[in-house]
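Worksheet for the structure shown next.
The numbers here are math on the coordinates, done by the rules we state, and not lab data. Bear in mind that the values here come from a model prediction, so they are computed numbers and not experimental data. When we count neighbours, we look across all protein chains shown, and the Cβ atoms used for this are built from the backbone with ideal geometry, even at glycine.
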Amino acid sequence: MASVLVVGSGGREHALAWRVSQSDVVDAVYTAPGNGGTPNNIPIQPDDIRGLADFAAERNCFTIVGPEAPLAAGIVDTFAERGLGIFGPTKAAAQLESSKAWAKGFMGRHRIRTARSAVFDDASDAAEYVDSVDYNVVVKADGLAAGKGVIVCSSVQEAKDAIRSMMEQGRFGGAGKRIVIEERLSGVEASYIAMCDGRVAVPMATSQDHKRIYDNDEGPNTGGMGAYSPAPHVDAEMAGTIQTEIVDRTLSGMREEGCPLTGFLYAGIMIQDGTPYVLEYNVRMGDPECQPIVMRMDFDLYGYAAAAASGRLAGMPPPRWRPEHAVCVVLAARGYPGAYTKGQPISIPDTDAHTAVFHAGTARRDGRLLSSGGRVLGATSLGMTLRQAVERAYHTADDITWSGKYYRRDIAAKAL
Ligand code: AMP
Ligand code: GLY
């Protein structure tokens, strides 16, 4: 029997730990540091790589990493040096996510379709560039910014304000000292996520996130306010195109460049006029996409992750997916992604058998469940139809209470 350590503390990590706990060959799941819903919380922070390695060694754990920061800091390299099993990319491979400038260069070298762009270290050069192009742009901090380092602009003035806020006012700290400016594309978005072992990429079920804070995709970008799976606009033909022209090329390109990619590869896609473009790469599961995807898994996630970590995906049976639709509605603290209050007592009613409430920003103190972050919970339901899944998830979302609960009312509405 295996022990598994899940690193992270969000809804994604709760969902991963929940699914891994159901494996017939796993008898212990630990979460570091976890949240108010995760099993066996270990008080070690994701940036304490040595502490995590010591724990994994002591308990003989296989480790699955949720968030990007420890991956970019080299957790996989350290674990590998110590002979510890871990599922995730090396620091070199994590550059696909940790530097948007590097990722754009990589896509250029390997003919992977993405928006036209330029990289800047100087604010006045960037402003001049914005004046010189005849299309709207998106301004992106080069480094990691918790999913918030992207400003989609509708005018030259907005773009210049975005450049100033990142490069001169330090809005995203060091992550925004260098920026990428790219053409603003339009179309429908999809999250295409695959499990990779360096050579082979096994696609996960398709999904779609809802990035903006308000209904009808208004307001600022967030980490993600809800997701559903499958995404109807990614039909078998589109999935095949994304797999061969984007995902497989990414894997072979990474191998050619000497940094083969193991772990989850997440391509954020914009389908414009029937053609998929890469908006960004992540080298981890999406959050909240993970929640509906995990609900639909009908295979042993631990077995797959362990096979991927040792380059054995080609020998695995194809993953099986439940035929139902899944929807996750994120419940956030009012004010997120700006300032919000924490420490509010939360009450979660019993749910139906088709629903799981995944915790994100929650903590337990003196036996009470309190809010402790911006995205607090994810009400996630299966349904025979998308409508049924939506109704179940919203039924649960409505019944959960705390002071300052906020959620979008239109998750999956466009697909209905
Ligand atoms: P990213 O973190 O790079 O995925 O960007 C966050 C969000 O910004 C995406 O999900 C899109 O909604 C939007 N976005 C990013 N790049 C572009 C682009 N080139 N054109 C239009 N929207 C974009
Ligand atoms: N939900 C988007 C992300 O995880 O980056």
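Below 8 Å, C-alpha to C-alpha, sequence gap of six or more: please give me the relative contact order for segment 207-282 in percent.
18 percent
Determine, for each peptide in 276-282, 61-67, the mean count of other beta carbons within 10 angstrom over its residues, then list the peptides with the highest first.
My ranking of the peptides, most packed first, is 61-67, 276-282.
Over the chain, with a Gaussian network built from C-alpha contacts below 10 Å, which listed residue (361, 170, 253) shows the highest mean-square fluctuation?
With Cα springs under 10 Å in the chain, the top fluctuation among 361, 170, 253 is at 170.
If you place +1 on the Cβ of every Lys and Arg, -1 on the Cβ of every Asp and Glu, and leave all else neutral, what size is the dipole of segment 1-138 about its Cα centre, to the nearest 20 Debye? Present the calculation step by step, with values, prior to reporting the outcome.
Numbers: 12 positive and 17 negative charges, 105 e Å.
About 500 debye.
If I stretch the segment between residue 364 and residue 388 completely, what's the gain in nm (0.36 nm per residue apart, minus their alpha carbon distance), one decimal?
On the way: separation 24, 0.36 × 24 = 8.64 nm, distance 3.17 nm.
Contour length minus the Cα-Cα distance gives 5.5 nm.
Taking the mean number of other Cβ atoms within 10 Å as a proxy for protection, how do you rank 48-57, 135-144 from highest to lowest?
Averaged packing, sorted descending, gives the order 135-144, 48-57.
Cross-link partners among lysines for residue 100, C-alpha distance below 28 Å, same-chain residues fewer than 8 apart left out?
Correct list for residue 100: 91, 140, 148, 160, 177, 211.
Assuming R0 = 22 Å, what is the FRET efficiency of residue 236 and residue 275, from their Cβ-Cβ distance, to the nearest 0.05?
Computed FRET efficiency for residue 236 and residue 275 comes out at 0.85.
Using the alpha carbons of segment 1-105, what is the convex hull volume per residue in cubic angstrom, as a whole number?
Values: hull volume 10.0 nm³, N = 105.
That works out to 95 Å³ per residue.
Just want the answer: with Cβ charges of +1 for Lys and Arg and -1 for Asp and Glu, which residue in 261, 57, 274 is farthest toward the dipole's positive end in the chain?
Toward the positive end, the furthest listed residue is 57.
Find how many whole Å separate the alpha carbon centroid of segment 35-79 from the alpha carbon centroid of segment 114-163.
35 Å
Charges only on Cβ, +1 for Lys and Arg, -1 for Asp and Glu: so what's the dipole of segment 1-72 about the Cα centre, in debye to the nearest 20?
Once rounded to the nearest 20, the dipole reads 120 debye.
What is the calculated FRET efficiency for residue 322 to residue 177, with r their C-beta to C-beta distance and R₀ = 35 Å, to the nearest 0.05?
Rounded to the nearest 0.05, the efficiency is 0.20.
For segment 1-117, calculate the relative contact order in percent as a whole number, restricting contacts to Cα pairs under 8 Å that are 6 or more residues apart.
It rounds to 21 percent for segment 1-117.
Find the percent of Cα-Cα distances in segment 245-383 that exceed 22 Å, and round it to a whole number.
Numbers: 5466 of 9591 pairs.
For segment 245-383, the share of Cα pairs beyond 22 Å comes to 57 percent.
Once both labels are modelled 7 Å past Cα along the beta-carbon direction, what's the residue 123-residue 245 spacing in nm?
So the two model labels end up 3.9 nm from each other.
Under 11 Å from the Cβ of residue 93, count the other residues' Cβ atoms, weight Lys and Arg +1, Asp and Glu -1, and hand me the total. Before the final figure, lay out each step's value.
Numbers: positive: 91, 255; negative: 77, 97, 257.
Value of the local net charge: -1.
If r is the Cβ-Cβ distance from residue 134 to residue 256 and R0 is 35 Å, what FRET efficiency results, to the nearest 0.05?
E(calc), rounded to 0.05, equals 0.50.
When the convex hull of the C-alpha atoms of the chain is computed, what volume per residue in Å³ does it have?
Here the figure is 136 Å³ per residue.
Relative contact order of segment 154-212: what whole-number percent is it, with Cα pairs under 8 angstrom and at least 6 residues apart?
Computed over segment 154-212, the figure is 19 percent.
Can you pull the Kirkwood radius for segment 303-372, inverse mean 1/r over Cα pairs, to one decimal in Å?
16.1 Å
To the nearest 20 debye, what charge dipole does the chain have about its Cα centre, counting +1 at the Cβ of each Lys and Arg and -1 at the Cβ of each Asp and Glu?
The dipole magnitude comes to about 480 debye.
For a label point 7 angstrom out from the Cα of residue 1 toward its Cβ, which stretches of segment 28-43 have the backbone nitrogen within less than 18 Å?
28-31, 39-41
Compute the whole-percent fraction of alpha carbon pairs in segment 37-95 spaced more than 14 Å apart.
Looking at segment 37-95, the distances longer than 14 Å represent 51 percent of pairs.
In the neighborhood of residue 12, defined by Cβ-to-Cβ distances under 14 Å, what is the net charge if each Lys or Arg adds +1 and each Asp or Glu adds -1? Please list the in-between numbers first.
On the way: positive: 19, 284, 375; negative: 13, 68, 209, 287, 289.
The answer is -2.
Going by average Cβ neighbours within 10 Å, how do the peptides 180-191, 198-209 rank, with the highest at the top?
The most tightly packed comes first, giving 198-209, 180-191.
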